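Sending over a structure as structure tokens; questions will come in a sec.
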Amino acid sequence: MPPSPLPEITLDPANWSEFSALAQQALGDALGFLEGVRERPVWRPVPEEIAREIAEPLPRSGRPLAEVYDQFRRCILPYPTGNIHPRFWGWVMGSGSALSVVSELLAATMNAHVAGYDQSAALVEERVLGWLKELMGFPAEASGVLVSGGTMANLIGLAVARHERAGFDPRAEGLSGKPPLMVYASTETHHWVEKACELLGLGRVGLTRIPCDSEHRVLLPELRQAIHRDRARGLRPICLVGSAGTVNIGATDDLRALAALSREENLWFHVDGAFGALARLSPALAPLVAGIEEADSLAFDLHKWGFLPYGVGCTLVRDGAASTRAFARSASYLAGLGRGISPGPLGFADRGLELSRGFRALKVWMALKVEGVDRWGALFEQNVRQAQHLAARVAREPRLELLAPVPLNIVCFRVRAAPELVDAWNQELLLRIQESGLALPSSTRINGHFAIRVCLTNHRTRQADLDQFLDALLALAADLPAAA
Ligand SMILES: *Cc1c(COP(=O)(O)O)cnc(C)c1O
């Protein structure tokens, strides 16, 4: 007797209309959650019993969606980082948008594989990259690729730099037995540059950090000296890294001078514009990041100041062929066949690390089309005005002091107190504000001092939110023992 065949199974819903009802409820709840965001605390800790409930054993057999969705609503949705809230100003986070709830849903529906291929999603990504090149002042022949975020975008840029300026083929030969390769960045450059040098085999010895002036811009004479000193020692300088918007205070290096120096010294010029690069979208702010357009490679995020959901960043490379030289591989199972769905090389996979990659371009495309570049520019200007308003209030309040210039959208300040107490007090005040759920700034150190740091990359923030936060901070400060 032949064995009876196993029933064939699938993950599609057994009952589409039942599934659809739940999906529509989830969509409605999601939009309601966004609409009501201002009414909730910015952040609250996850209660212990909720954490215990999430720590469940491996589910061997499935549960009904309605039950799991209910658990999501109780245990997960109410305890986010809070970065979609109008009074979240910590680190450099993104506030997302209602529109992207729709674009992410549609991208998930298509689940396009965007390594390349003859498909609409590839055309959409190329179009988005074309727009981004135009906005950043890059030529049409430049190459671009959307990646998961700023760290990855910078890593890709540095990988191209290494390949173009090593003087040998690091892909084929590796680095051993070769002159040590050197990268130069400022002491204010974000720590992605350390991760990238580690991963690319240069090690942290391959990274020279150059000091900055009081405006947090790299010191050019020191930079030039370091390059010459390293050459004289038999090391091989390959790349200058400039910052457009440093993570601590939003400072921008003299990018034109860095571009000139890189040409003089035959070095690659990479710019980390994680959030600052987007200032170019506003005619009023563009001069603050002048020189970006002279970079050999530029990395920036769209999930921070671009108001898009995680994760999407972008690398642009002026010499488009350089990025394929650094990444393209051929493999029989991926060969283009001249016609059909895969007529040629896989364009996006050949410009970066990822082979299987999703349709992250859709949310960028839809936002740029629906919202328009000018609206983004106006929002960036609004955030910069808000930073200036906060800085002006801090400067007026006798109890407060600014700790750094405010060149863009970040304000670092503290409550005044006796020198031996000031760091501990400010940390305590910041934690009390965070724990109150009223507002969420983060912290950093400026010249060794603890600073309360407010970073405005939030399209929901109103000036009154900043005033409310500052009033609350001053009230808390009044409760502390008298200032020095
Ligand atoms: C956030 C940030 C990065 C890293 O980007 P991710 O998207 O977080 O990986 C790099 N540089 C600067 C200046 C940043 O603010």
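Using a 1.4 Å probe and counting only protein heavy atoms, arrange Val102, Val124 so the residue with the most accessible area comes first.
Sorted descending by solvent-accessible area, the residues read Val102, Val124.
Excluding ligands and nucleic acids, what accessible area in Å² is computed for Glu126 using a 1.4 Å probe, to the nearest 10?
For Glu126, the solvent-accessible surface is approximately 70 Å².
Using the heavy atoms of the protein chains and a 1.4 angstrom probe, tell me the accessible area per residue for the chain in square angstrom.
47 Å²
Just name one of Gly62, Met110, Tyr79: the one whose Cα is farthest towards the positive end of the charge dipole of region 45-136 (beta-carbon charges, Lys/Arg +1, Asp/Glu -1).
Positive-most Cα among the choices belongs to Tyr79.
What's the ranking of 107-113, 404-410 by average number of surrounding C-beta atoms within 10 Å, highest first?
Taking the mean over residues of other Cβ atoms within 10 Å, the ranking is 404-410, 107-113.
Now, a different point. More than 12 Å apart: what percent of Cα pairs in region 1-43 qualify?
74 percent
I've got another one for you. Would you mind counting up the charge near Asn154? Only other residues with Cβ under 14 Å from its Cβ, with Lys and Arg at +1 and Asp and Glu at -1.
-2
Before anything else, pin down the relative contact order of region 168-233: Cα pairs under 8 Å, at least 6 apart, normalised by residue count, whole percent.
Relative contact order of region 168-233: 30 percent.
If you don't mind, another one. Show which aspartates and glutamates lie in cross-link reach of Lys363 when reach means a straight Cα distance below 12 angstrom and same-chain residues fewer than eight apart are skipped.
List returned: Glu104, Glu125, Glu371.
Taking the alpha-carbon set of region 245-345, what are its Rg and Dmax in Å?
When restricted to Cα atoms, region 245-345 yields Rg and Dmax of 17.4, 51 Å.
Ok, one more. For n ≥ 4 DSSP H runs only, could you compute -39500 (n - 2.57) per run for the chain, divide by its residues and tell me the 222 nm figure to the nearest 500?
When only DSSP H runs of four or more count, the value is -12500 deg cm²/dmol.
Hey, got the Cα dimensions of region 42-164 along the principal axes, in Å, largest first?
The principal-axis extents, from largest down, are 55, 36, 31 Å.
May I pose another question? With every protein chain present, what accessible area does Asp12 have (1.4 Å probe, heavy atoms only), rounded to the nearest 10 Å²?
It works out to around 90 Å².
Under unit Cβ charges (Lys, Arg +1; Asp, Glu -1), what dipole magnitude, rounded to 20 debye, does region 287-342 have relative to its Cα centre?
So the dipole magnitude of region 287-342 works out to roughly 360 debye.
Going Cα to Cα from Lys369, which lysines come in below 26 Å? Please leave out same-chain ones fewer than 8 positions away.
Lys369 reaches Lys133, Lys304.
Would you work out which of Leu258, Gly201, Gly276 lies farthest towards the positive end of the dipole of region 185-332, given +1 charges on the beta-carbon of Lys and Arg and -1 on that of Asp and Glu, about the Cα centre?
Positive-most Cα among the choices belongs to Gly201.
So, one more: If you rank Tyr79, Tyr117 by how much accessible surface each has, with a 1.4 Å probe, what is the order from largest down?
Tyr117, Tyr79
Roughly what % antiparallel, to the nearest 5, for the DSSP beta bridges in the chain?
Taking every DSSP beta bridge within the chain, about 55 percent pair in antiparallel fashion.
Another question about this same structure. Once the other residues with Cβ under 15 Å from the Cβ of His85 are scored (Lys, Arg +1; Asp, Glu -1), what is the net sum?
Computed value for this residue: +2.
Can you sort Arg204, Arg351 by 1.4 Å-probe accessible area, starting with the largest?
Sorted descending by solvent-accessible area, the residues read Arg204, Arg351.
Give me the percent relative contact order of region 1-121, please, defined on Cα pairs under 8 angstrom at least 6 residues apart.
About 25 percent, as a whole number.
Convex hull over the Cα atoms of the chain, averaged projected area in nm²?
30.0 nm²
Taking the Cα centre of the chain as origin, work out the dipole magnitude from +1 charges on Lys and Arg Cβ and -1 charges on Asp and Glu Cβ, in debye rounded to 20.
For this selection, approximately 700 debye.
Using a 1.4 Å probe on the protein heavy atoms only, what accessible surface does Glu164 show? Give it in Å² to the nearest 10.
Per-residue accessible area (Glu164): approximately 50 Å².
OK, next. Name the residues of region 58-78 whose amide N is less than 18 Å from a point 7 angstrom out from the Cα of Leu22 along the C-beta direction?
59-77
A follow-up question, please. Restricting to Cα pairs below 8 Å that are 6+ residues apart, what does the relative contact order work out to for the chain? Please round to a whole percent.
Result for the chain is 21 percent.
Quick one: with all protein chains in place, what share of the accessible area of region 1-138 is carbon or sulfur, to the nearest percent (1.4 Å probe)?
Carbon-and-sulfur percentage of accessible area, whole number: 61.
The values are calculated or read from the model by the stated rules, or taken from the named source; none is laboratory data. Note that the coordinates shown come from a computational prediction; the quantities given were computed from them, not determined experimentally. Heads up, the Cβs are rebuilt from the backbone with ideal geometry, glycines too, and the neighbour counts pull from every protein chain shown. Just so you know, the surface numbers come from the protein's heavy atoms only, side chains and all, with ligands and any DNA or RNA stripped out. Shrake-Rupley method; radii C 1.70, N 1.55, O 1.52, S 1.80 Å.
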